[in-house]
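Engineer: Here it is, the structure in full.
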RNA sequence: GAGCCUGUAGCACAGUGGAUAGGGCAACGGCCUUCUAAGCCGUAGGUCGGGGGUUCGAAUCCCUCCAGGCUCGCCA
């Protein structure tokens with residue numbers, strides 16, 4: 001049980017309302033609009049009808065009925081039908097600070113996920129294409145969920161479901177044989193592939209026979225022709241080498257790169273099973289699962305020309321993942337354009353009698369477009385992820401030259417700040433919102449941004465460095481005399497935020513929404529900056545110094561761990 | 001046409017039943033001889049898309065209309 005949950009349970013244990021359960025009271029507790037009012041409030045309006053008493057009177061009765069000795073509370077007061085509970089900061093400070101300072105980065109760890117495997121399908125890039133800003137959301141959302149699941153004791157499996165199948169690879173093979181060469185491919189990587197791919201499309205406008213050649217080439221690849229397979233493997237290796245550089249910079253990790261090609265020989269068994277369950281039928285020459293009963297268009301499994309489709313491979317992948325990992329949940333971090341696809345997919349699994357269909361979850365996110373419209377590789381208006389990262393790093397290096405010219409290892413720090421700014425930019429809003437990408441917004445380092453959090457952490461670290469104390473300096477409990485150093489509004493707000501970390505992580509997992517964490521660490525950073533401005537720490541009165549330094553240390557731990565979970569490095573200087 | 005999503009300050013967003021709707025950017029005015037000013041404080045800015053309903057109480061729930069986005073059988 002987290003500290004916040006314990007506090008709620010304690011409050012509810014003090015209150016007795018006829019015909020109202022303790023659980024109901026706990027769930028009714030809300031944060032008051034102003035922290036000065038208290039930590040928790042109980043609105044009494046909903047009990048009025050039941051008790052045939054006015055809310056104001058009920059609140060007053062609750063307050064007078066509480067026989068607590070008030071060691072835990074500063075005050076319990078009834079105001080306008082609310083009962084406000086304000087915990088004594090001296091009582092909770094020792095508790096929170098000691099948990100954080102002793103557990104350090106393992107604070108808010110949990111074992112709730114023990115023995116539970118979570119498959120997370122994210123990023124899922126196409127072979128022979130470079131990553132652009134459209135890939136940013138899925139990659140960093142998936143990465144954040146992966147780390148948070150791990151922190152909560154789950155066993156996450158990161159899956160990059162590669163787009164490595166389809167006639168486009170026939171086109172690439174033909175194009176490469178006509179215009180490509182190994183040296184250029186080795187030197188230029190994926191952009192050399194893009195170049196010949198674009199050329200193929202241009203040429204095929206006037207020479208339609210190229211398309212027949214591409215189909216034939218893809219057929220040879222399917223049939224396992226050694227030369228074709230070798231070329232394809234080369235394209236794949238070049239693509240992965242290049243995207244892995246981006247993944248390293250973003251700190252995302254995959255346990256499996258099994259993509260479409262991997263499931264090529266695993267679809268027949270699925271189709272046969274659906275056939276034998278009488279779920280399939282032939283419609284216009286294609287094999288479908290009719291879903292009209294569920295107000296959905298049919299799920300297409302086999303095209304009229306015998307080729308399989310996206311849904312077929314996803315079904316095979318779902319079967320394979322359940323068999324291989326026996327997942328507790330299988331999560332797809334895929335753009336909302338595919339809402340219907342996943343709804344159909346999960347329904348087909350349910351119809352096939354898979355009880356685990358309910359554990360399949362689509363986590364959709366919004367589109368990225370440019371100010372001039374939708375991105376299109378063919379029209380050439382794409383913004384490559386590598387370029388965005390490079391520009392961000394460049395800008396943070398420039399800022400450092402002005403603000404902190406004496407800094408050593410400038411480029412190393414600039415990498416952490418620049419990439420962190422981009423990651424935070426992608427994680428800070430509710431994932432369902434569309435994003436119109438602009439360099440101006442992505443490269444903003446002021447206000448609620450990644451660099452702001454990093455900067456706040458650097459401030460805290462700087463104080464701790466200047467103090468020059470060892471770990472046992474932060475030993476707890478503090479005496480009342482020392483805790484008086486935290487007897488101010490800024491400390492109280494900061495402390496109450498720090499104890500919320502475990503509950504925040506639970507919310508992120510419940511809603512598959514990393515922005516809850518990013519907004520939380522913004523709040524922590526903001527609260528620390530106020531505390532820092534209003535209260536001397538190093539030069540505090542001697543009896544105040546240790547408690548304030550410990551609060552600073554605890555804040556640093558939360559900020560650094562919060563950033564790590566989001567996939568953002570925390571530099572020690574900037 | 002149908003289904004889903006979005007609509008909150010000039011801009012981009014938090015807030016999904018509770019007290020006076022909040023932070024950021026931009027604007028304006030302050031704060032560096034003391035712990036890193038990528039910071040802090042203040043001012044200004046709101047018919048929470050419109051209308052109706054439910055409720056002691058609605059940005060939040062229901063209905064309806066409007067605007068934008070996505071999707072709707074052989075792409076993924």
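The values are calculated or read from the model by the stated rules, or taken from the named source; none is laboratory data. Values in this document were obtained by computation on a predicted structure and should not be read as measured data. Don't worry about glycine lacking a Cβ; one is built from the backbone with ideal geometry, like all the others, and counts go over all protein chains shown.
Engineer: If the requirement is being more than 8 Å from RNA strand B (Cβ to nearest atom) and over 25 Å from residue A:508 (Cβ atoms), which of these qualifies: A:453, A:383, A:463, A:399?
Structural biologist: Checking each option against the conditions leaves just A:383.
Engineer: Which count do you get for residues in segment A:527-574 that are under 29 Å from residue A:409 (Cβ atoms) and over 32 Å from the mean Cα position of the chain (by Cα)?
Structural biologist: Counting residues in segment A:527-574 that are under 29 Å from residue A:409 (Cβ atoms) and over 32 Å from the mean Cα position of the chain (by Cα) gives 2.
Engineer: Please report, ordered by residue number, the strands (runs of 3 or more DSSP E) entirely within segment A:234-353 with at least 3 residues that are in contact with a helix residue (DSSP H, G or I) (Cβ under 7 Å, 6 or more places away or on another chain).
Structural biologist: Passing ranges, in order: A:299-302, A:329-333.
Engineer: How about segment A:354-395: which of its residues are over 26 Å from residue A:120 (Cα atoms), over 24 Å from the mean Cα position of the chain (by Cα) and part of a helix (DSSP H, G or I)?
Structural biologist: A:394, A:395, listed by residue number.
Engineer: Exactly one of these conditions fails for residue A:426: (1) more than 22 Å from residue A:145 (Cβ to Cβ); (2) in contact with a helix residue (DSSP H, G or I) (Cβ under 7 Å, 6 or more places away or on another chain); (3) not in a loop (DSSP other than H, G, I, E, B). Give me its number.
Structural biologist: Result: residue A:426 passes all but (1).
Engineer: Would you confirm, using the coordinates I've provided, whether residue A:29 is at pLDDT 95 or above and either touching a helix residue (DSSP H, G or I) at 6+ places or on another chain (Cβ under 9 Å) or under 25 Å from residue A:500 (Cα atoms) (or both)?
Structural biologist: Spelling it out, residue A:29 is indeed at pLDDT 95 or above and either touching a helix residue (DSSP H, G or I) at 6+ places or on another chain (Cβ under 9 Å) or under 25 Å from residue A:500 (Cα atoms) (or both).
Engineer: May I ask you to verify whether residue A:502 is in contact (Cβ under 8 Å) with a residue 24 or more places away in the chain, part of a helix (DSSP H, G or I) and outside the structural domain of residue A:8 (by TED's automatic domain parsing)?
Structural biologist: Judged against the criteria, residue A:502 is a match.
Engineer: Moving on. Considering only segment A:140-164, state which residues are under 25 Å from residue A:381 (Cα atoms) and touching a helix residue (DSSP H, G or I) at 6+ places or on another chain (Cβ under 6 Å).
Structural biologist: The answer is A:140, A:164.
Engineer: Which count do you get for residues in segment A:447-468 that are in a loop (DSSP other than H, G, I, E, B) and in contact with a helix residue (DSSP H, G or I) (Cβ under 7 Å, 6 or more places away or on another chain)?
Structural biologist: Count: 2.
Engineer: Next question. So, in segment A:541-574, how many residues would count as being part of a helix (DSSP H, G or I), under 24 Å from residue A:397 (Cα atoms) and within 13 Å of RNA strand B (Cβ to nearest atom)?
Structural biologist: So the answer is 2.
Engineer: Taking residue A:382, is it surrounded by 16 or more Cβ atoms within 10 Å (Cβ to Cβ), modelled with pLDDT of 95 or more and closer than 18 Å to residue A:242 by Cβ?
Structural biologist: It is false that residue A:382 is surrounded by 16 or more Cβ atoms within 10 Å (Cβ to Cβ), modelled with pLDDT of 95 or more and closer than 18 Å to residue A:242 by Cβ.
Engineer: Could you grab me the full set of residues in segment A:472-499 that are in a loop (DSSP other than H, G, I, E, B) and crowded, with 20+ Cβ neighbours inside 10 Å?
Structural biologist: A:478, A:499, listed by residue number.
Engineer: Can you tell me which residue among A:325, A:310 is surrounded by fewer than 19 Cβ atoms within 10 Å (Cβ to Cβ) and more than 8 Å from RNA strand B (Cβ to nearest atom)?
Structural biologist: That would be A:325, the only listed residue that is surrounded by fewer than 19 Cβ atoms within 10 Å (Cβ to Cβ) and more than 8 Å from RNA strand B (Cβ to nearest atom).
Engineer: Limited to segment A:292-301, what total is found for residues that are under 10 Å from residue A:280 (Cα atoms) and more than 6 Å from RNA strand B (Cβ to nearest atom)?
Structural biologist: Count: 2.
Engineer: Test residue A:537 against the stated conditions and say whether it is part of a helix (DSSP H, G or I) and closer than 24 Å to residue A:562 by Cβ.
Structural biologist: Answer is no for this residue.
Engineer: Can you find a residue in segment A:285-293 that is touching a residue at least 60 places away in the same chain (Cβ under 8 Å) and surrounded by 13 or more Cβ atoms within 10 Å (Cβ to Cβ)?
Structural biologist: Yes: one or more hits.
Engineer: Go through segment A:505-534 residue by residue and tally those that are part of a helix (DSSP H, G or I), more than 20 Å from residue A:570 (Cα to Cα) and more than 9 Å from RNA strand B (Cβ to nearest atom).
Structural biologist: Of the residues in segment A:505-534, 5 are part of a helix (DSSP H, G or I), more than 20 Å from residue A:570 (Cα to Cα) and more than 9 Å from RNA strand B (Cβ to nearest atom).
Engineer: Another one. Across segment A:165-176, what is the total count of residues that are within 20 Å of residue A:135 (Cβ to Cβ) and surrounded by fewer than 23 Cβ atoms within 10 Å (Cβ to Cβ)?
Structural biologist: So the count comes out to 3.
Engineer: Go through segment A:1-104 and tell me which helices (runs of 4 or more DSSP H), entirely inside it, have 1 or more residues that are within 16 Å of RNA strand B (Cβ to nearest atom) and in contact with a strand residue (DSSP E or B) (Cβ under 8 Å, 6 or more places away or on another chain).
Structural biologist: Result: A:3-14, A:22-28, A:48-51, A:55-65.
Engineer: Out of A:461, A:551, report the one residue that is out of contact with any strand residue (DSSP E or B) (no Cβ under 6 Å at 6 or more places or on another chain) and surrounded by 22 or more Cβ atoms within 10 Å (Cβ to Cβ).
Structural biologist: A:551
Condition check ((1) under 29 Å from the mean Cα position of the chain (by Cα); (2) more than 7 Å from RNA strand B (Cβ to nearest atom)) across all residues:
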position	(1), (2)
A:431	yes, yes
A:436	yes, no
A:439	yes, yes
A:469	no, yes
A:474	no, yes
A:479	no, yes
A:482	no, yes
A:493	yes, yes
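Engineer: Then there's this: Does at least one position in segment A:11-18 carry a residue that is surrounded by 13 or more Cβ atoms within 10 Å (Cβ to Cβ), closer than 16 Å to residue A:88 by Cα, in contact with a helix residue (DSSP H, G or I) (Cβ under 8 Å, 6 or more places away or on another chain) and in contact (Cβ under 8 Å) with a residue 12 or more places away in the chain?
Structural biologist: The answer is yes, given that some residue of segment A:11-18 is surrounded by 13 or more Cβ atoms within 10 Å (Cβ to Cβ), closer than 16 Å to residue A:88 by Cα, in contact with a helix residue (DSSP H, G or I) (Cβ under 8 Å, 6 or more places away or on another chain) and in contact (Cβ under 8 Å) with a residue 12 or more places away in the chain.
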